[in-house]
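Please read through the structure below; I'll follow up with questions.
Nothing in this text is a laboratory measurement; each read-out follows from the coordinates by a stated rule. Here the structure is a predicted model, which is why all the values come from computation and not from measurement. When we count neighbours, we look across all protein chains shown, and the Cβ atoms used for this are built from the backbone with ideal geometry, even at glycine.
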Amino acid sequence: MDAAFSGNRPELLQDWFIGGAKDKLAAAVRGQQQNKMSSAYRDRSHNLQILFYSPEGLSIELVDDVEYEVQVRENGQSQGSQNVHARYVAILTPTETRWKVRVFQAISNAGEGRTSDAKGADSVQGKVQGAGQ
């Protein structure tokens, strides 16, 4: 995922993202391209929790409390970096050989009242607006 965002190449999204999850991530990357922006992510920590596993084995719902640093560039020039603590929900479904991410969405942190559809989209959008989009 980082290669897709840092290189503005949605085709680099790994094949374990499918359906709506892949569509939303690809749209976020294309949005960066249109704004002549790019972003790089450095993971700091993850705390995964399984919330639900269907008895039929057709889906798993995970929540990830993650900390990462995002660096935003506009026309190749750094616009700054930000440390982010976010919470994401992912729903995985099985395919022929492995689990794939079908839903990937940020959920509001207590008191913040914000959500986004893809990793860091809210942080990147804030930087884009702050950079005078």
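Along the charge dipole of the range 7-51, which of Gly20, Asn8, Met37 sits closest to the positive end, that is, farthest toward it, with unit charges on the beta carbon of Lys, Arg, Asp and Glu (+1, +1, -1, -1)?
Farthest towards the positive pole: Met37.
Could you compute the FRET efficiency for Gln34 and Gln82, with r as their C-beta to C-beta distance and R0 at 22 Å, rounded to 0.05?
Details: r = 21 Å, r/R0 = 0.96.
Step by step, r from the Cβ atoms, then E = 0.55.
Continuing with the same structure: Apply 1/(1 + (r/R0)^6) to the Cβ-Cβ distance of Gln49 and Thr93, taking R0 = 25 Å, and write down the FRET efficiency to the nearest 0.05.
In this case the efficiency is close to 0.85.
For the range 1-55, what number results from the quotient of the Cα radius of gyration and 2.2 N^0.38 Å?
So the Cα radius of gyration is 1.35 times the expected 2.2 N^0.38 Å.
Can you give the extra length, in nm with one decimal, that the chain gains between Asp65 and Ser108 once fully stretched, where that is 0.36 nm per residue apart less the Cα-Cα distance?
Additional length available on full extension: 14.4 nm.
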